[in-house]
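One structure is given here, and the rest of the page talks about it.
The values are calculated or read from the model by the stated rules, or taken from the named source; none is laboratory data. Not measured: the values here are computed from a predicted model. Methodologically, a virtual Cβ is constructed for each residue, glycine included, from the backbone with ideal geometry; neighbour enumeration extends over all protein chains shown.
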Amino acid sequence: MQIGDYPAQEPLSDFGRSYQEECLRLSEGIGGAEHRYDTGHPSQGLLVFPAARPNGTVLAFMHGGGWTNGYKEMMAFLAPPLNQAGISFVSIGYRLAPEFTFPAGWLDAAKAMRWVYDHCAQFGGDPGRIFLGGHSAGAHQAALLAVRTDWLASHRLPENPVRGCLPISGTYYFTEGSGLSMRPRFLGPAGQGNEVHASPIHYLDRAPPPMLIAHGSADFPHLSKQARDMEQRIRSAGGQVERIELPGCDHLGAVYCAARTDGPWLPHALKFMAAPPERRL
């Protein structure tokens, strides 16, 4: 799809505009194969960027945009370095607030993961080697899908297909102490309990899939704190987790640098996805 083919989204702040413009600039000329995981809304689609020499690993990834903005086309710039390493890349779109509130975007992520599980063999992927990541709002969606298991039965999955999760600059809780300056609109009306239901940190009564949590050293302070809190809670639950600070990166720079072959995120991510489960971290 072309960006102009999507329904109008919320007006962008200067911060959001710079993010969207830079992602689209970096992604210019990088084309993927378009697919639909649902037909109800234009955002319910994904782009597949298969590796020329696939090693079976698939990284599905979700864009940021404050849960109100963004397009799957924005993350195409992450595909080339991953493809070069034999990893097929999938960029997932999802429905946005304020028209669609929680759990709409999260349910879209679940449907997209079912599609990837069913179809990845067609582009050299192994259903047992699917990883999930995202940036900012997309990192939140990815982490929530990784830690929750209540979506598996409705999608006829015997086990969680998320082999590991790679969130970048994500939000991990919306409850007391979150540090958020305002209540995100994607949570919907107050009084529904969505602050808890949408918080990955509140689903760590058991070990989740292994996680590689990343954030910029100059990221939003509350997100850096949340990343540390999430790391601690995963360890307390007996899970495998690594947290890395990306030197000199702010909230937006954290995802831009993820495509750099000489940057700090890519070698960690490749090692994380290459190691067998018992030795991944």
Within the stretch 152-168, residues being among the hydrophobic types (A, V, I, L, M, F, W, C) and either under 15 Å from GLY134 (Cα atoms) or touching a Cys at 6+ places or on another chain (Cβ under 8 Å) (or both) number 4
The conditions are (1) touching a Phe, Trp or Tyr at 6+ places or on another chain (Cβ under 9 Å); (2) surrounded by fewer than 11 Cβ atoms within 10 Å (Cβ to Cβ); (3) of a type outside the set (D, E, K, R), and PRO11 fails exactly one of them. Which is it? (1)
Say we look at the stretch 214-241 and pick out the residues that are of a type in the set (D, E, K, R) and crowded, with 17+ Cβ neighbours inside 10 Å; which of these is farthest from THR171 (Cα to Cα)? ARG233
Residue under question is GLY133, and the condition is that it be over 15 Å from TYR37 (Cβ atoms), assigned to a helix (DSSP H, G or I) and modelled with pLDDT of 95 or more; does it hold? no
Tell me, yes or no, whether the stretch 175-191 has at least one residue that is modelled with pLDDT of 95 or more, within 19 Å of GLY65 (Cα to Cα), surrounded by fewer than 18 Cβ atoms within 10 Å (Cβ to Cβ) and of a type in the set (Lys, Arg). yes
Out of the residues in the stretch 77-96 that are closer than 13 Å to ALA51 by Cβ and of a type in the set (Val, Ile, Thr), which is surrounded by the most Cβ atoms within 10 Å (Cβ to Cβ)? VAL90
Count, please, the residues in the stretch 250-266 that happen to be within 17 Å of MET62 (Cα to Cα) and of a type in the set (D, E, K, R). 0
Could you look through the stretch 48-71, keep only residues that are part of a strand (DSSP E or B) and under 14 Å from the mean Cα position of the chain (by Cα), and pick out the one that is nearest to ARG183 (Cα to Cα)? MET62
Quick one: in the stretch 136-153, of everything that is in a helix (DSSP H, G or I) and either at positive phi or without any contact (Cβ under 8 Å) to a residue 40 or more places away in the chain (or both), which residue is surrounded by the fewest Cβ atoms within 10 Å (Cβ to Cβ)? ALA153
Return the residues of the stretch 178-225 that are polar (S, T, N, Q), touching a helix residue (DSSP H, G or I) at 6+ places or on another chain (Cβ under 9 Å) and either under 16 Å from ALA254 (Cβ atoms) or in contact (Cβ under 8 Å) with a residue 12 or more places away in the chain (or both); say none if nothing qualifies. SER178, ASN194, SER199, SER217
Would the stretch 163-172 turn up any residue that is over 12 Å from the mean Cα position of the chain (by Cα) and of a type in the set (S, T, N, Q)? no
Could you check, for the stretch 14-21, whether at least one of its residues is under 29 Å from CYS249 (Cβ atoms) and in a loop (DSSP other than H, G, I, E, B)? no
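State whether the residues of the stretch 97-104 include one that is within 21 Å of LEU78 (Cβ to Cβ) and buried (at least 19 other Cβ atoms within 10 Å of the Cβ).
no
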What pairs come out if I take residues in the stretch 47-62 that are modelled with pLDDT under 95 and pair them with residues that are assigned to a loop (DSSP other than H, G, I, E, B) whose C-beta lies under 9 Å away, six or more apart or interchain? none
Taking the criterion of being within 20 Å of the chain's Cα centre (by Cα), at negative phi, in a helix (DSSP H, G or I) and touching a residue at least 40 places away in the same chain (Cβ under 8 Å), would at least one residue in the stretch 25-36 satisfy it? yes
